[in-house]
Amino acid sequence: MATDLLHDTIAAIATPSGTGGIGIIRISGGRAAEILSRLIAPHRPPEAWRPRHLYTGELRAADGAAVDQVLAVVFAAPHSYTAEQAAEIHCHGGARVLREALRLALEQGARLAEPGEFTLRAFLNGRIDLTQAEAVADIINAAGGTAQRMAARQLGGGLAARLSELEDKLLQILAAVTVAVDYPDDADAPAPDELAAAIDELLGGVETLLERADSGRIYREGVSAALIGAVNAGKSSLMNRLLGEERAIVTAEAGTTRDLIEERLDIDGLSISLSDTAGLREAEALSAAERLGIERSRRSLRSSQIVLAVFDAARPCCAADEPLLAELGKLPSLALLNKADIAERAVIQRWQRRLLAELPPERVIVVSAKSGAGVERLRAAMRELALGGDAAQAAPPWLGNSRHIEALYRCREHLRQARAAAGGALGVDMAGVDLENAWQALGEISGKTASDEVISAIFANFCVGK
């Protein structure tokens, strides 16, 4: 985005498309109050609007025709979302009235905002850093409760504060090293052991942030899970039980599910995209739709992050089950012995012996989609498998954004190199180069050293109006 465009006054619809009780037009820039004063009757001069106070009025077109009864508010710089003068019009939430209100604002000299431009201005004006800007999008797109809490903490500046502390410490070390290198006659170089101790402290801070980064990424992005198994093993019934609603069609007829059915499941804050797949069986003599469904099931077996292999425990294991059984040990899978409410104990035990040859005991679960027995254990096992054993951690991780994680890994590597250089023959000189690189990597997260290309790519993914 050209920097001269950031001096324009911009406007956009800030609420989702569709019909609702309230819709909001957001205006930001030096002419925001002036534009608002021309649109709202009774008319009052721009300086007469008391900041952060709602006024009732009538939104009117240029010819004086009434458009809607509205609430309007002005925000004085720097006390607004963008840190600029800003205004909002709160209309009734119909698509037509919102489009008309936006058209009138543009008619008065505002420019239609680009995607993410309001948040970009907040970043460029120093009201938020880049981690907080990204948190705005994360809150909007959060699929799970933990992802939402992580984003809220990040928006509140929690991650920014931790990064700022590391940046300040790193900058102090870098400054001491740089002065000693550039002015050797005027400043003493830090002693190797002091430099090493200071770098070790920084490394500890970076390691603390990275400690649960993988689980943070999983919370933020969610995982995919697919119910795979033979026809009539009870996959659709299990999906309905997990979701708590009748989402998948369940009948006694074999092959009811012919295509993927996907739903979102939240397990204690972890978002899981759950798929019910067509039953696996020999493709001969089946319809084209059934064959296509089975092929999609096999693709899901290979691509899902969690495979929920469902077996019918009401019948003995047979040759038709062997292909799926053979795959279990190679995949992140849970084996589910369904129909425990009607299965004979001896048959279940034989199934368990066969499955334990492929999987550890905690990944073999006896369930009943009909009665709900074992389903809570299944939910806990799914979360445990997704998080790689980190499911017991109560507090949300600090990191989940892949961009942040990658930059921190680079920062850690440069700090390790600086640590090694501090005790070597080249000593302080080489350590200074690595410390500079570490600071650059750390600054990419907050935006202090991020390139224009990175910043543009981040804000391009925002919706218009945010």
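Quick look at the numbers
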| quantity | calculated |
| --- | --- |
| Tally of residues being open to solvent by 40 Å² or more (accessible area, probe 1.4 Å), more than 14 Å from residue 411 (Cβ to Cβ) and in a helix (DSSP H, G or I) across the range 154-163 | 2 |
| Pairs where the first residue, in the range 453-466, is closer than 15 Å to residue 135 by Cβ and the second is of a type in the set (Gly, Ala, Ser), C-beta under 6 Å, 6+ apart | 459/116; 462/116; 462/137 |
| Lone unmet requirement of (1) within 22 Å of the chain's Cα centre (by Cα); (2) at pLDDT below 95 for residue 408 | (2) |
| Check on residue 193, in a helix (DSSP H, G or I), over 34 Å from the mean Cα position of the chain (by Cα) and over 16 Å from residue 432 (Cβ atoms) | yes |
| Evaluation of residue 100 against (1) outside any loop (DSSP other than H, G, I, E, B); (2) charged (D, E, K, R); (3) within 27 Å of residue 126 (Cβ to Cβ); (4) open to solvent by 40 Å² or more (accessible area, probe 1.4 Å) (one fails), failing number | (3) |
| Exclusive hit being of a type in the set (A, V, I, L, M, F, W, C), under 28 Å from residue 141 (Cα atoms) and open to solvent by less than 70 Å² (accessible area, probe 1.4 Å), set 77, 87 | 87 |
| Only listed residue being hydrophobic (A, V, I, L, M, F, W, C), open to solvent by less than 50 Å² (accessible area, probe 1.4 Å) and free of Cβ contacts under 8 Å to residues at least 40 places away in the same chain, chosen from 308, 331 | 331 |
| Residue tally, condition at pLDDT below 90, part of a loop (DSSP other than H, G, I, E, B) and more than 38 Å from the chain's Cα centre (by Cα), over the range 304-331 | 1 |
| Index of the failed condition, residue 19 passing every other in (1) buried (at least 17 other Cβ atoms within 10 Å of the Cβ); (2) farther than 13 Å from residue 104 by Cα | (1) |
| So residue 146, is it more than 27 Å from residue 117 (Cβ to Cβ), modelled with pLDDT of 85 or more, touching a Gly at 6+ places or on another chain (Cβ under 9 Å) and not basic (Lys, Arg) | yes |
| First in the range 197-211 and free of Cβ contacts under 8 Å to residues at least 12 places away in the same chain, second anywhere and open to solvent by 40 Å² or more (accessible area, probe 1.4 Å), Cβ under 8 Å, 6 or more apart | none |
| Unmet requirement for residue 50, which otherwise passes all of (1) in contact with a helix residue (DSSP H, G or I) (Cβ under 6 Å, 6 or more places away or on another chain); (2) in a loop (DSSP other than H, G, I, E, B) | (1) |
| Every residue from the range 339-392 that is under 37 Å from the mean Cα position of the chain (by Cα), closer than 17 Å to residue 329 by Cα and open to solvent by less than 20 Å² (accessible area, probe 1.4 Å) | 355, 359, 364, 365, 381, 382, 386 |
| Test: residue 51 is under 35 Å from the mean Cα position of the chain (by Cα), modelled with pLDDT of 95 or more and open to solvent by 10 Å² or more (accessible area, probe 1.4 Å) | yes |
| Filtered residues of the range 1-30 (kept if at pLDDT 90 or above and of a type in the set (Ser, Thr, Tyr)) | 9, 15, 28 |
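The values are calculated or read from the model by the stated rules, or taken from the named source; none is laboratory data. Every value quoted in this text rests on a predicted model; they were computed, and no experiment measured them. Don't worry about glycine lacking a Cβ; one is built from the backbone with ideal geometry, like all the others, and counts go over all protein chains shown. The area values use the complete protein model at the heavy-atom level, side chains included, leaving out ligands, DNA and RNA. Shrake-Rupley method; radii C 1.70, N 1.55, O 1.52, S 1.80 Å.
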